[in-house]
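**Student:** Below is a structure I'd like to ask you about.
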Amino acid sequence: MPKPINLKFLRRTNFSIFEYYNNWSMKKIAFLISFISFTSFSQQLATIVNQLDYSSSEIKKNFAATITDNELKDHLYTFASAEFEGRKTGEAGQKKAAAYLVDYYKSLNISSPQGMNYLQNIPVDFFKGRSKNDSENVMAFIKGSEKPEEIIVISAHYDHVGTKGEEIYFGADDDGSGTVAVLEIAEAFKNAADMGFTPKRSLLFLNLTGEEIGLMGAKYYTENPVFELKNTVANLNIDMIGRVDKKYTNNPNYVYLIGADKLSTELHNISENANKTYTNLILDYTYNDESDPNRFYYRSDHYHFAKNNIPIIFYFNGVHEDYHKPTDTPDKINYKLLEKRTQLVFYTAWELANRDERIKLKELKN
Ligand SMILES: [Zn+2]
């Protein structure tokens, strides 16, 4: 981190010019001029220093570097272990997983949205028979320093499909990978805030339930938003970013991005720019094509934000042979790649949170 500029030194210079005049009226005039110029100069300086720091690549790299393959791995080996029983919505394993997330945020002193105690309860009726019990979205919150009412949502679903007979569906990639990415991004932003770089806009870390039974956690959140949807600037949604698909077996330095340019060209450009400057992944837009038969744009939680006209990016590694099988286990994750993809989300979120102007929506075509 660069040293802060010493304003006392500047003040001292002004005073020595002032002392040079013996004549009283000259002194007064000189003082007035130096005072006025000092005030406006220091204001400008403060603005420049402020902007410099938040946009400084060294600063960003410092905090991005706290997102490490080892920490992601530690979390995922717990989160996708037998203890959590495949994290099926409404079941004991999902509740344990929720408790794990809450404990983690508490341990880092990352707060909850006011009055929420980290949990948004979803009543069983909402699930229309797809869950036997109530379930919970888990959320943590870092309040913005300049535009706290404007919210960036960073999300991943933490539920999976549970067990069948003796077999546990561990869901390490789906979506243990996205969940631990959110945890590490939250930690990086918390570190930044503790070092004086509180994000200018607010950040909501949203661990969603009920995705596997029909995007229900995201549906519930957007129908019962904790922060007004019109103030929700963007949603970065992560669902499966720890594996490599067939197309990239020999060159795994990639991620599929879906939706980035659909509602806001600025969002797409920010994402491209973050990648070009810091992470240098191949950004593959195959699945962003409206005519792609997989229709992934409609298939994960971000869709409920997008349909409310909130720009989204969906980060995704594509499908693989262990998708929705008991063999989706943490030993098959590429942790270095998971680290890099997580850092891309972090850099993009940093820009969204700290840039002067909120990103603009595209003008709607008639
Ligand atoms: Zn998923």
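**Student:** Along the charge dipole of the chain, pointing to its positive end and built from +1/-1 on Cβ of Lys, Arg, Asp and Glu, which listed residue (THR163, SER55, ALA306) has its Cα farthest out?
**Tutor:** SER55
**Student:** Another question about this same structure. Can you tell me which of 141-147, 113-119 comes out highest on packing, and rank the rest after it, using the mean Cβ neighbours within 10 Å?
**Tutor:** 141-147, 113-119
**Student:** Separate question: Which lysines have a Cα less than 21 Å from the Cα of LYS307, not counting those fewer than 8 places away in the same chain?
**Tutor:** Counting by Cα, and skipping residues close in sequence, LYS307 has these lysines nearby: LYS219, LYS230, LYS262, LYS360, LYS362, LYS365.
**Student:** Cut-off 18 Å, label point 7 angstrom out along Cα-to-Cβ of ASN309: give me the residues of the stretch 328-366 whose amide nitrogen falls inside.
**Tutor:** 358-366
**Student:** Using a Gaussian network model on the chain with a 10 Å cutoff between Cα atoms, which of SER155, SER40, SER57 fluctuates the most?
**Tutor:** Answer for the Gaussian network model of the chain: SER40.
**Student:** Mind ordering 130-136, 288-294, 255-261 by average Cβ neighbours within 10 Å, highest first? The partial results should precede the final answer.
**Tutor:** On the way: 130-136: 19.4, 288-294: 10.7, 255-261: 24.1.
In descending order of packing, they fall as 255-261, 130-136, 288-294.
**Student:** Assign unit charges at the C-beta atoms only (+1 for Lys and Arg, -1 for Asp and Glu), then state the dipole size of the stretch 58-354 relative to its Cα centre in Debye, rounded to the nearest 20.
**Tutor:** 300 debye
**Student:** To continue, here is another question. Please identify the helices of the chain, taking whole runs of DSSP H, that span at least 27 Å along their own axis as judged from the Cα atoms and have a mean Kyte-Doolittle score of -0.5 or higher.
**Tutor:** 24-55, 335-354
**Student:** A further question on this structure: If amide hydrogens are placed 1.01 Å from N in the peptide plane, which non-local residues have theirs closer than 5 Å to the one on ILE312?
**Tutor:** ASN235, LEU263
**Student:** Moving on. With +1 assigned to the C-beta of every Lys and Arg and -1 to the C-beta of every Asp and Glu, and no other charges, what is the dipole magnitude of the stretch 175-322 about the Cα centre in debye, to the nearest 20?
**Tutor:** Values: 13 positive and 20 negative charges, 68 e Å.
It works out to roughly 320 debye.
**Student:** Also, quick follow-up: Would you kindly give the portion of the calculated P(r) for the stretch 58-354 that falls above 27 Å, as a percent of all Cα pairs?
**Tutor:** Values: 14585 of 43956 pairs.
Roughly 33 percent, rounded to a whole number.
**Student:** I'd like the distance separating the alpha-carbon centroids of the stretch 317-366 and the stretch 200-236, in whole Å.
**Tutor:** After rounding, the separation between the Cα centres reads 16 Å.
**Student:** Build a GNM of the chain with springs between Cα atoms under 10 Å: which of PRO123, PRO199, PRO330 gets the top mean-square fluctuation?
**Tutor:** Result: PRO123 has the largest fluctuation of those listed.
**Student:** Pairs to check: LYS96/LYS246; LYS132/LYS190; LYS95/LYS340; LYS132/LYS336. Give those whose C-alpha atoms are more than 31 Å from each other in this structure.
**Tutor:** LYS96/LYS246; LYS132/LYS190; LYS132/LYS336
**Student:** Taking the convex hull of the alpha carbon atoms in the stretch 66-111, what volume per residue do you get, in Å³?
**Tutor:** Details: hull volume 3.7 nm³, N = 46.
Dividing the Cα hull volume of the stretch 66-111 by its residue count gives 81 Å³.
Throughout, read-outs are computed from the coordinates displayed, never taken from laboratory work. Note that the structure is predicted; figures quoted are calculated from it, not measured. Don't worry about glycine lacking a Cβ; one is built from the backbone with ideal geometry, like all the others, and counts go over all protein chains shown.
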